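Heads up, the thing below is written out as structure tokens.
No value in this document is a laboratory result; all are computed from the given coordinates. Being a predicted model, the structure only gives us computed values, none of them experimental. Cβ sites come from the backbone with ideal geometry, for glycine too, and all protein chains shown count toward neighbours.
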Amino acid sequence: FQVLCNMKLAQYFSRYIIVSGITYLIDFFGFILFLNFFEPIIANLITKIFAALSGYYLQSTITYKTSLKNKKRIIKYFGSVLIYIPCSSLLIFVFIYFFKPVDAKIISDILLFLLTYIFTTKYIFKK
């Protein structure tokens, strides 16, 4: 039984990483694009919103294979986004004093990646 639980967790985590990679590409390249038009914090906010929408769809359908219409899950997911985006922007704001905007974003996103996985698996997409 323990082996099956570990395999299931490994499958979730593998799918989570792949889907998060796709979502991150949307976020990262959108950030680079919007840096041409906006300050880094605004560019981050815009791309995080797009990434959150695509992330919810992809995590629901691919990683966790759950319904997109679960209102409780939608509220939890986008409630966590309301926490995540300001945290990400705050980290970028701090790191921008030491690094270029793109580097600050990468460092911020790496720090928040594992925390987001734990939170979404434990509280949002739990079965």
Exercise. Quick one: if you stick a label point 7 Å off each Cα along the C-beta vector at N36 and N70, how many nm between them?
Worked result: 4.0 nm
Problem set entry | Net dipole in debye of the chain [+1 Lys, Arg Cβ; -1 Asp, Glu Cβ; about Cα centre; nearest 20] | 840 debye
Problem set entry | Coil-residue trypsin sites (Lys or Arg not before Pro) of segment 48-90, DSSP, other Cβ within 10 Å capped at 12 | K65, K69
Seminar exercise, completed: Along the dipole axis of segment 1-101 (charges at Cβ: +1 for Lys and Arg, -1 for Asp and Glu; origin at the Cα centre), the most positive-end residue among S89, F13, F99 is F13
Exercise. To the nearest 0.05, how large is the calculated FRET efficiency for S80 and F50 if R₀ is 22 Å and r is the Cβ-Cβ distance?
Worked result: 0.85
For this session: Please work out the Cα convex hull volume for segment 1-66 and give it in Å³ per residue.
Result: 71 Å³
For this session: Past 22 Å, Cα to Cα, is the threshold; run K72/K105; K48/K100; K8/K71; K72/K122; K8/K105 against it and keep the listed order.
Result: K72/K105; K8/K71; K8/K105
Problem set entry | Area projected by the alpha carbon convex hull of the chain, averaged over all directions, nm² | 7.8 nm²
